Each structure stands twice: as structure tokens, then as C-alpha cells.
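**Q** Take a look at this one; I'll ask things after.
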Amino acid sequence: MAKKFVTRLVGPDKQSYRELFKRASENPILTAKNWPYAANSVFNPAATIYNGKVLLLARVEDRRGFSHLTKAVSDDGVSNWFIDDMPTLEPDPENYPEEKWGIEDPRITWVEELGKYAVVYTAFSEGGPMVAMALTEDFETFERLGPVMPPEDKDAVLFPKRINGKWLLIHRPIPAYSEPGAHIWISMSEDLKFWGEHQILINARKGGWWDANKVGINTPPLETDEGWLILYHGVRQTAAGAIYRLGLALLDLENPLKVLRRSDEWVFGPQEIYEREGDVHDVVFPCGWIHDKATGEIKMYYGAADTCIALATTNVSDLLDYIMKCPEPNHENSILK
Ligand code: BMA
């Protein structure tokens with residue numbers, strides 16, 4: 001029988017894993033103590049380049065337990081952050097009742113066709129978390145499109161352009177009835193507001209896998225020569241609680257409904273104390289990454305333990321080298337068979 005090809009992130013000495021991501025020595029780069037106003041925690045930031053600077057849109061949780069979004073801007077993306085001295089985007093439950101208990105986990109996509117940034121976020125409604133969208137040109141004023149996916153649904157990102165004439169949204173609904181498991185879905189739209197043609201894109205595996213039972217996308221898909229690079233989380237339930245770790249996948253450039261590769265192993269997980277201890281222990285949760293096309297460097301911004309913001313860097317060619325050696329998904333173990 002042919003030997004099954006398995007790619008491992010094992011270093012040359014075969015004793016330790018080779019790490020694809022390098023944590024910034026300044027971590028955590030932003031905490032509630034850096035905030036200009038009182039906050040319980042700052043985490044899960046979206047990231048983009050705006051006016052040549054790194055702009056993070058952080059989730060800020062107050063002591064009621066409700067979240068809003070506030071921007072922090074820096075020249076080098078590591079230090080000297082200028083943080084808005086009041087919320088940048090606040091829940092508006094009077095006009096948007098789905099935002100009753102806050103807005104969370106934004107993801108930013110620059111949409112050339114519109115000349116605007118799309119911010120996709122979780123609106124915490126009375127009926128549960130759902131996906132909402134807003135457009136902005138300047139991160140000062142926002143035009144809300146309202147809710148785009150009903151509860152329970154979160155972890156949504158928009159592709160930067162139409163493909164075959166349609167907008168694509170990746171998201172993670174949790175159906176009331178399903179085989180056990182919360183999978184990553186993809187949907188299509190002609191106007192960004194009404195979505196259909198829903199289908200599963202990446203399934204949660206089963207059994208002992210690190211990404212069994214619950215997965216969700218983290219950062220917007222990154223367009224590369226080999227395909228759309230996807231960073232997603234898997235949630236492992238243990239006797240001590242959940243562990244949030246990250247894996248990679250690659251989607252076909254022309255037809256992103258096709259998964260070309262998927263890592264068997266997780267590539268980034270909680271290790272440092274600020275990732276292991278906090279309001280929710282053992283969580284790394286990026287909502288944005290920034291790709292410097294000139295150098296290939298990727299800056300991944302992530303929430304650590306639902307408490308603070310940290311940075312890890314990698315290179316797009318290292319990620320592609322790795323993912324191209326990963327198996328093509330055979331949907332064994334999957335409801336996609
Ligand atoms: C997920 C999201 C994230 C959070 C993570 C760990 O479901 O709600 O905002 O960081 O859980 O608590």
C-alpha cells in the first residue's frame with residue numbers, strides 16, 4: 001500500500017517543530033492599560049493599511065460585558081499607537097436592534113470596486129450572534145448594511161472582489177440541528193446584502209483532531225499566485241476547557257469553492273503566558289493580517305486569551321511552501337463526501 005504523505009512542521013533535528021510564525025518580542029503590543037478610556041479587555045483586532053499606516057480595529061469589551069470597536073494606528077505596526085479616545089464604531093441598538101449586546105470580532109477588506117473598506121463583524125443580538133456589515137472610506141463614518149446572516153453565525157470575511165460576477169462571504173453558522181460540528185460555509189451575493197447559494201467550504205473534522213467539531217475563518221483570504229490562503233481556527237475541547245489554535249488552507253484562485261490544500265496540523269497555538277492566561281484561557285484569535293507585497297512579510301494581529309492584542313510575523317513564501325506540501329483534502333471523515 002502506498003505510504004500516505006503527511007507534512008509535519010518538524011525541524012531538521014526531528015526533535016522540535018519548526019515554527020512558521022514568530023512572535024514579536026514586544027508582545028502583548030496593546031492591552032487595556034494602553035487604552036485612553038476604561039476598558040476591561042482589548043482583543044481580536046481587524047487590520048489593514050490606511051493612509052500608509054497600520055490600522056487596527058480592536059474589539060473593546062467594557063465592564064457590562066458589551067463590546068464596541070476602536071481604532072489604533074501606528075507607523076510601524078508595532079509601537080507608538082494612536083488610539084481613538086472614544087469608540088470608533090459603537091453598537092447602535094436603537095436603529096440596529098441586532099447590536100443590542102455589542103459588536104465583536106471585525107474583519108476588514110479593502111474593496112477596490114467600491115473604493116471602500118468593508119467591515120464585517122458579529123452583532124450580538126437577542127436571538128444570538130449574527131453577521132453584520134458596514135462600509136467606510138475613512139474609519140470615521142460608517143454606512144451600515146445591517147445584518148447579513150441570521151443567528152447563530154459569526155467568523156465572517158468578505159473576498160476583496162467579485163468572482164464570476166458574485167461577491168463571496170465566508171462565515172460559520174451553527175445550525176440547531178446538524179451532525180455534531182460547526183463548519184465553515186461560503187455564500188454568494190450580487191449586492192453584498194442578500195446572500196444565497198450557501199454551501200460548506202471547510203468542515204470541522206471529527207474525533208481526535210485539533211480542529212474537531214468547531215472551525216471558523218480568522219483573517220480575510222489572502223490572494224497569492226497559488227490560490228487564496230486561508231487562516232482558520234479549530235477548537236479542541238479538553239477536560240480543562242477549549243484550546244483555540246490556527247491552521248491553513250488554500251482555495252482555488254478562480255473557483256474559491258474548491259479547497260486545494262488543508263493542513264493536517266495546527267500552525268500556531270497558545271504557548272506564551274499572555275495567550276494561556278486571561279479572561280478566556282488558551283486562545284489565539286487573529287482577525288487581521290497585513291501582507292507587505294515588497295518583502296512578502298505578513299503581520300498577523302491576534303487577540304490573546306480574550307484579553308490583549310499580540311503580533312506574530314511570517315512570510316507568504318514560507319506559508320505557501322508549507323501549504324503546498326499539505327494533503328489535498330479527500331473529505332474522508334467529512335460530511336462533504
Ligand atoms: C469565539 C469568538 C471569539 C473569542 C473566542 C474565544 O467564539 O467569540 O471572539 O475570542 O470565542 O473565547
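**Q** Accessible area of region 34-323 with a 1.4 Å probe: how many percent of it is carbon plus sulfur?
**A** After summing per-atom areas, the C and S share lands at 48 percent.
**Q** Right, something else. Using a 10 angstrom cutoff on alpha carbons, build the Gaussian network for the chain and name the most mobile of 70, 48, 141.
**A** In this elastic network of the chain, the residue with the biggest mean-square fluctuation among 70, 48, 141 is 141.
**Q** Another question, then. Dipole size in debye (nearest 20) for region 34-323 around its Cα centre, Lys and Arg Cβ +1, Asp and Glu Cβ -1?
**A** With only Lys, Arg, Asp and Glu charged at Cβ, the dipole is about 640 debye.
**Q** Is the shape of region 113-170 rounded, prolate or oblate, going by the alpha carbon gyration tensor and its root eigenvalues a ≥ b ≥ c, with a/c under 1.5 for rounded and a/b larger than b/c for prolate?
**A** In terms of gyration-tensor shape, oblate.
**Q** To continue, here is another question. Please calculate the 1.4 Å probe accessible area of residue 56, with all protein chains present, and give it to the nearest 10 Å².
**A** Estimated to the nearest 10 Å², residue 56 gives 0 Å².
**Q** Moving on. So which lysines can residue 116 reach, going by Cα to Cα under 30 Å and dropping same-chain residues fewer than 8 places off?
**A** 53, 71, 100, 154, 161, 166, 193, 258, 293, 299
**Q** Once you order the gyration tensor axes a ≥ b ≥ c over the Cα atoms, which shape class does region 203-337 get: rounded for a/c under 1.5, otherwise prolate or oblate by comparing a/b with b/c?
**A** oblate
**Q** Give me the Debye-computed log₁₀ of I(q)/I(0) at q = 0.09, 0.12, 0.16 Å⁻¹ for the chain, equal point scatterers on Cα only, no solvent, two decimals.
**A** -0.44, -0.81, -1.58
**Q** What's the ranking of 154-162, 39-47 by average number of surrounding C-beta atoms within 10 Å, highest first?
**A** 39-47, 154-162
**Q** Give me the percent of DSSP beta bridges within the chain that run antiparallel, rounded to the nearest 5.
**A** The antiparallel proportion sits near 95 percent.
**Q** What does the charge count near residue 225 come to, summing +1 for each Lys or Arg and -1 for each Asp or Glu among other residues with Cβ under 13 Å from its Cβ?
**A** -4
**Q** Per 0.36 nm of contour for each residue apart, how much would the distance between residue 26 and residue 162 grow if the chain were fully extended, relative to their Cα-Cα spacing?
**A** This chain segment gains 45.2 nm when fully extended.
**Q** OK, next. Can you tell me the FRET efficiency between residue 137 and residue 176 if r is taken as the Cβ-Cβ distance and R0 is 30 Å, rounded to the nearest 0.05? Show your work: numbers first, answer last.
**A** Details: r = 38 Å, r/R0 = 1.28.
Efficiency computed from Cβ-Cβ geometry: 0.20.
**Q** Mean-square fluctuation check for the chain, GNM, Cα pairs under 10 Å: which of 198, 281, 183 is largest?
**A** Comparing 198, 281, 183 in a Gaussian network model of the chain, the most mobile one is 198.
**Q** Let me ask you something else. If you count only protein heavy atoms with a 1.4 Å probe, what accessible area per residue comes out for the chain, rounded to a whole Å²? Kindly include the intermediate steps, with their values, before the conclusion.
**A** Numbers: 15320 Å² over 337 residues.
Per-residue value: 45 Å².
**Q** Shifting gears a bit: Can you give me the Cα centroid spacing of region 16-44 and region 210-244 in angstrom?
**A** About 19 Å separates the Cα centre of region 16-44 from the one of region 210-244.
**Q** Also, quick follow-up: How would region 47-142 be classified by its alpha-carbon gyration tensor: rounded, prolate or oblate, with rounded meaning a/c under 1.5 and the a/b versus b/c comparison settling the rest?
**A** Oblate is the answer for region 47-142, as a/c is 1.5 or above yet b/c matches or exceeds a/b.
The values are calculated or read from the model by the stated rules, or taken from the named source; none is laboratory data. Bear in mind the structure is a predicted one, so any value in this text is a computation, not a measurement. Here the Cβ is made from the backbone with ideal geometry for all residues, glycine too, and neighbour counts use every protein chain on show. Just the protein is used for accessible areas: all its heavy atoms, side chains included, with ligands, DNA and RNA removed. Shrake-Rupley method; radii C 1.70, N 1.55, O 1.52, S 1.80 Å.
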